[in-house]
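Please read the structure below before turning to the comments.
The values are calculated or read from the model by the stated rules, or taken from the named source; none is laboratory data. Remember, it's a predicted structure, so these values are computed and weren't measured experimentally. FYI the Cβ positions are ideal-geometry reconstructions off the backbone, even for glycines, and counts take in every protein chain you see.
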């Protein structure tokens, strides 16, 4: 099965030296699933010919904002809509989560309340799920038909399903602690110092990346996006 990686940014050099590229990070997250990864660096204007160039698609994170004026953003949005119309499975992470929502009619903005950085807990499927986050932008208005599957007090639209074929998440299940450590070391000046201190202290806290990775992989392999495999069972 070919998984097309739509690369919307480049990891910092410090991340690349220690943990590799986005393709490497997702390759490890999905290592047990047998995907053949094919990367298109859309941030460098390298696009597939059409949605049929892969069996399923993944949109990566990026340092860019979905609302910014870059030549690759409009064709990426058009491709996202084409993938949806072709009913190909697709997942999006962080920027990918945001650009998919924007392409389908939602709104993304630089969040007035600032950053979310480091170990964060979300409510998904009736249970608490811990993941690493690193973002200031957020999906603030949902596109038509979107379903919120996960949130916390800071990020109301943290996990979204767009129909049965598209699942997107704001945090980073592909990030090991070493990536967060590198981001802290090369932090944007706008991230509050106390948040970075807390993020560094929480690097050893457990995260549910493997569980989230399995869910994302299930969707890429055809499972309905709204079916949360680890959801708590509600007793009558």
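Filtering the range 95-116 to residues that are under 28 Å from residue 82 (Cβ atoms) and out of contact with any strand residue (DSSP E or B) (no Cβ under 9 Å at 6 or more places or on another chain) leaves only 103. Looking only at residues of the range 33-48 that are modelled with pLDDT of 95 or more, more than 17 Å from the chain's Cα centre (by Cα) and part of a loop (DSSP other than H, G, I, E, B), we find that the one that is farthest from residue 5 (Cα to Cα) is 33.
Restricting attention to the range 34-71, the residues that are over 24 Å from residue 133 (Cα atoms), in contact (Cβ under 8 Å) with a residue 40 or more places away in the chain and surrounded by fewer than 17 Cβ atoms within 10 Å (Cβ to Cβ) add up to 1. State yes or no: is residue 159 surrounded by 16 or more Cβ atoms within 10 Å (Cβ to Cβ) and over 17 Å from residue 119 (Cα atoms)? No. Here residue 161 meets each of (1) more than 15 Å from residue 120 (Cβ to Cβ); (2) assigned to a helix (DSSP H, G or I); (3) touching a residue at least 40 places away in the same chain (Cβ under 8 Å) with one exception, condition (2).
Tell me, which strands (runs of 3 or more DSSP E) wholly within the range 101-156 include 3 or more residues that are within 16 Å of the chain's Cα centre (by Cα) and without any contact (Cβ under 8 Å) to a residue 40 or more places away in the chain? Once the strands (runs of 3 or more DSSP E) in the range 101-156 are filtered for at least 3 residues that are within 16 Å of the chain's Cα centre (by Cα) and without any contact (Cβ under 8 Å) to a residue 40 or more places away in the chain, what remains is 146-151.
Looking only at the range 177-236, residues that are at pLDDT below 95, in a loop (DSSP other than H, G, I, E, B), out of contact with any strand residue (DSSP E or B) (no Cβ under 7 Å at 6 or more places or on another chain) and under 25 Å from residue 114 (Cα atoms) come to 6 in all.
Candidates are the residues of the range 21-31 that are out of contact with any helix residue (DSSP H, G or I) (no Cβ under 8 Å at 6 or more places or on another chain) and part of a loop (DSSP other than H, G, I, E, B); the one that is nearest to residue 222 (Cα to Cα) is 31. The residues listed here are 123, 107; of these, the one that is touching a helix residue (DSSP H, G or I) at 6+ places or on another chain (Cβ under 9 Å) and surrounded by fewer than 16 Cβ atoms within 10 Å (Cβ to Cβ) is 107.
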